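Asks: Before anything else, here's the structure in question.
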């Protein structure tokens, strides 16, 4: 269980989220659970795999932007909170088996400078945490808790830096404006019905792009409310476009 910095870096949902982002890069289908893992460690590793799998699915179309990560955090708030609580419990549990050092750090070749800094800082703190855990392996709970508090105080700056790097990694992809569609090119042999359909579709596409760019920095809840209002305002145009598409499909 020593390969995770449970006592230091995973005490906030933001840190757990960043841990999920980075671990989704190399997550595997099977969950590697040590034979002597406690129920809390088993649950933690299973939750971690679930979160990493969801993040990998979210990242399949490219790096998620800040809004996507905010929505991910909102949708998985309970699981992220549980991870923080499990991390705190695991850090306070007794363990009679020395923790092995983490494997050599592997930084993805396409990692941004911010992600490289986060992974490096996390690796260093992980190794310091393993050293601490092994030094206090046979301490009674009260002694170990006192030593852990002292360790946190001594490493407060490093922990704070890691949390700030985690927040930077989770929000470093700023949203970009959508380009306006190119000018409509009407086929010379288009029927009147096709011309009407292409014209209506072009107008609705441009309205949709304008909406997306207008609300590009909205939080998910605000954007969802604005989207529902936009759909209501454009319900007639949307229905008309669907009817045109149906007419064209019946005439071909």
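Asks: Being loosely packed, with under 14 Cβ neighbours inside 10 Å, without any contact (Cβ under 8 Å) to a residue 60 or more places away in the chain and under 30 Å from residue 110 (Cα atoms) narrows it down to one of 179, 187, 192, 141, so name that one.
Replies: On inspection, the qualifying residue turns out to be 179.
Asks: Restrict the check to region 28-36 and report whether at least one residue is at pLDDT 75 or above and surrounded by fewer than 17 Cβ atoms within 10 Å (Cβ to Cβ).
Replies: no
Asks: Checking residue 242 against (1) modelled with pLDDT of 80 or more; (2) loosely packed, with under 14 Cβ neighbours inside 10 Å, which single condition isn't satisfied?
Replies: Among (1) modelled with pLDDT of 80 or more; (2) loosely packed, with under 14 Cβ neighbours inside 10 Å, the lone unmet condition for residue 242 is (1).
The values are calculated or read from the model by the stated rules, or taken from the named source; none is laboratory data. Model, not experiment: these values are computed from the prediction. Note that we place each Cβ from the backbone using ideal geometry, even for glycine, and neighbour counts take in every protein chain shown.
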